[in-house]
């Protein structure tokens, strides 16, 4: 998994903005971890506040030099330590062309009667310094605007090749690009595009979880209340065709990606460095096995879960949450249920 480190610097007055920014990064990771990219957010709260041979600020500066992205938030003041962090990031950028530096200024109304002259001077001095460096801050009015702008910047970095995603499993380009053409003569069905499937006239293609009526013009319908009545032909295309509490086919890759994204995030955040690759591979094997639906090997699933829990104890909650989903209700066998019960009690 590709890991990119992001250092967040700001003064204490923007504690709420920092918290919202961290939540945003966690949500971004849910999308990116599935594509083998993880954003590791580095904040001063993560450092051990204890005696050390050097200043604690020196530890922050060392972390900044090892980061890929540096984000700074400021509002009515810029403290000397925040200035030092920016200077460290800028010096490192001049030497190595990284980290990428983003500065965000939160617009706020300040009362001239209660404003601290020294704080405002620190703000104006820093803004003047940014202009001298040819770097201009981005102003924002609220955290939603901050998250929207930075999300766009991350996507631009990805598009520029700074963040390289692995191809999604099962995705394949058309031989001559992404242009598709199909022609239908007479009655029947037609489909075009990547991964498209088609069935003949009067048939039904079911690609997800379906329980409502399906009318093909021949009075065909499904009834989830007590079974299934088919008046025509039904083709299941990689989803679940369900009667009463019965799963007739495997889980779709899309369902599995969404279901296990929180587990991948937990593994990426908490797995020991030496075991992170192996733990991620275990999650992949788990998804591959569960994609078989009721045909999944129960003992193999249980063994994978035990291995993951042993390697990454902090991921136990994500494991239990994933298997609480109704999508897996008909998949977990006795061995898997036994292991899950043990994990719940741990």
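Scan segment 136-163 for residues that are loosely packed, with under 14 Cβ neighbours inside 10 Å, assigned to a loop (DSSP other than H, G, I, E, B) and in contact with a helix residue (DSSP H, G or I) (Cβ under 8 Å, 6 or more places away or on another chain) and report the count.
Selection size over segment 136-163: 1.
Does residue 96 satisfy the condition of being at pLDDT 80 or above, within 26 Å of residue 5 (Cα to Cα) and exposed (fewer than 10 other Cβ atoms within 10 Å of the Cβ)?
Yes, satisfied.
Which numbered condition trips up residue 274, out of (1) farther than 16 Å from residue 3 by Cα; (2) at pLDDT below 80; (3) out of contact with any strand residue (DSSP E or B) (no Cβ under 6 Å at 6 or more places or on another chain)?
Every listed condition holds for residue 274 apart from (1).
Looking at segment 291-346 only, could you name the residues that are in a helix (DSSP H, G or I), within 23 Å of residue 276 (Cβ to Cβ) and more than 25 Å from the chain's Cα centre (by Cα)? I'd like the intermediate steps shown before the answer.
Initially, segment 291-346 is screened for residues in a helix (DSSP H, G or I), giving 293-295, 298-311, 313-323, 326-328, 334-344.
From what is left, the residues that are within 23 Å of residue 276 (Cβ to Cβ) are 300-311, 313-323, 339, 343.
Within segment 291-346, 300, 302, 303, 339 meet the criteria.
When you look at residue 82, is it surrounded by 13 or more Cβ atoms within 10 Å (Cβ to Cβ), assigned to a helix (DSSP H, G or I) and touching a strand residue (DSSP E or B) at 6+ places or on another chain (Cβ under 6 Å), yes or no?
yes
The values are calculated or read from the model by the stated rules, or taken from the named source; none is laboratory data. Since the model is a prediction, treat every value here as computed from it, not as a measurement. When we count neighbours, we look across all protein chains shown, and the Cβ atoms used for this are built from the backbone with ideal geometry, even at glycine.
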